[in-house]
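Visitor: Let me give you the structure first, and then I'll get to my questions.
Rule-based calculations on the coordinates, nothing more; no lab input. These numbers come from a predicted model, not from an experiment. Methodologically, a virtual Cβ is constructed for each residue, glycine included, from the backbone with ideal geometry; neighbour enumeration extends over all protein chains shown.
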Amino acid sequence: MRPTVLAALLALALPAAASALPAATSGSAVPAYVTAAMNDPARGAARDDDARRQMAAVMVFAEVKPGRKVLELEPASGYWTRVFSGIVGPKGHVYAVWPNEYAKEDTEDTAALEKLVADPHYANISLLKQPAAQLSVPAKVDVVFTAQNYHDYHDPFMGPVDMAKFDKAVFDALKPGGVFVVIDHVAPAGSGLADTNTLHRIDPATVKQEVEAAGFVFDGESDVLRNPADTHALKVFDPSIRGHTDQFVYRFRKPAK
C-alpha cells in the first residue's frame, strides 16, 4: 500500500478509535506540581523526551501527587523516577525496585540509578534490590508503576516468576484505593505471551486478565502512547519503530474496601 493511501486511511480511522476509548483517555489539566517536577533543571537532557513519552499526561493518569508513595518497577536509568521524586516531594517517597536478575542484564542502568539515589537532590528515593519473584516494599504505597517492562517478568532471564503471586504482591503493596499503572508495547491481539521474549511485546488482554485475577479492578486506559501505524510485527528495538511503538497505558485500582 502506498504511504499516501495508508496515511489517509489512518486519518479516517483515528476519530472512530478515539471515540471508542473511555473518558480516562481524554486530556486533563496538568497540575502545577507536575509541571514543576518536569521542569527541574536536574533532569537535564531527559526533558527532551517528555513530549514523545507524554510525561505530563501519564503523571496525571497515574494519579501521582505530592505526599504520595510510589513503587516503580524496573526504573532503568530513572527517567520516570526523577519526576516521581519531584512530584511527591519531601513528604512522599519513591521506591525504585531493581530485580537482581535484570540488574545482571543491564549493569549500565543499574549504576546510573545507584548514582541517582546517592544524589541529595533525590533524597526521597530508595533503591530496592531483590529477586524478581519476591517483590516487597517497606511501606504501603499509593501507586505502583511499570513502563515497558511488565512483559519482562514473563521471560526466562527473570525467572521463573509466578505472575499470579507477583501481581498479588503488587496488590498487597498498595493502600486500599491505590493504583497499579502498566505501560507496555502492544503485541497482536490473541498472541498472549508469545512475543514477550522475542519482540518484547505483550497482548494487552493478557495483562488485563493477569492483573484482574489478583483482585484489581480495571480503572481505565489512556491512548496517549498509541500508534496505529505500528504493525506489532517488529521487535521494539527495530530502528524503524524504536521510540514510537504502539503502547497501552492501563490503570488498575485496588478496591477501597
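Visitor: By counting other Cβ atoms within 10 Å of each Cβ, how are L128, L225, L73 ranked from fewest to most?
Guide: With the fewest neighbours first, L128, L225, L73 line up as L128, L225, L73.
Visitor: Modelling each spin label as a point 7 Å along the Cα-to-Cβ direction, I'd like the H121/A189 distance in nm, to one decimal.
Guide: Taking the two extended label points, one gets 4.5 nm.
Visitor: In whole Hz and in residue order, list the ³J(HN,Hα) couplings for segment 31-47 that follow from phi through the Karplus curve 6.51 cos²θ - 1.76 cosθ + 1.60, θ = phi - 60°; x for Gly and Pro.
Guide: x, 4, 5, 6, 4, 4, 5, 5, 8, 4, x, 5, 6, x, 5, 4, 5
Visitor: May I pose another question? Compute the length gained on full extension between K165 and T231: take 0.36 nm times their separation in residues and subtract their Cα-Cα distance, giving the result in nm to one decimal.
Guide: 20.5 nm
Visitor: In degrees from 0 to 90, rounded to the nearest 10, what is the angle of the helix 204-213 Cα long axis to the longest principal axis of the chain?
Guide: Value to nearest ten degrees: 40.
Visitor: I would also like to ask the following. Evaluate E = 1/(1 + (r/R0)^6) for K257 and K129, where r is the Cβ-Cβ distance and R0 equals 25 Å; express this FRET efficiency to the nearest 0.05.
Guide: It comes to 0.15.
Visitor: Shifting gears a bit: How long are the semi-axes of the ellipsoid equivalent to segment 150-257, from square roots of 5 times the Cα gyration tensor eigenvalues, in whole Å, largest first?
Guide: Equivalent-ellipsoid dimensions as semi-axes: 25, 16, 10 Å.
Visitor: Residues with amide H under 5 Å of D219's amide H, sequence separation 5 or more or different chain, H placed in the peptide plane at 1.01 Å from N; which?
Guide: R251, F252, R253
Visitor: Taking Cα atoms, how many degrees apart are the long axis of helix 163-173 and the longest axis of the chain, rounded to 10 and kept between 0 and 90?
Guide: Computed tilt is about 50 degrees.
Visitor: Ok, one more. For each pair in K69/K165; K115/K175; K140/K168, compute the distance between the two Cα atoms and list the pairs where it is over 18 Å.
Guide: Result: K69/K165; K115/K175 exceed 18 Å.
Visitor: If you don't mind, there's one more thing I want to ask. Using θ = phi - 60° and the Karplus relation 6.51 cos²θ - 1.76 cosθ + 1.60, list the HN-Hα couplings for segment 144-156 in order, rounded to whole Hz, with x at every Gly or Pro.
Guide: Calculated HN-Hα couplings, in order: 10, 9, 9, 10, 6, 9, 4, 4, 4, 5, 8, 8, x Hz.
Visitor: If you fit an axis through the alpha-carbon atoms of helix 107-117 and take the longest principal axis of the Cα set of the chain, what angle between them do you get, 0 to 90°, nearest 10?
Guide: The angle comes out near 50 degrees.
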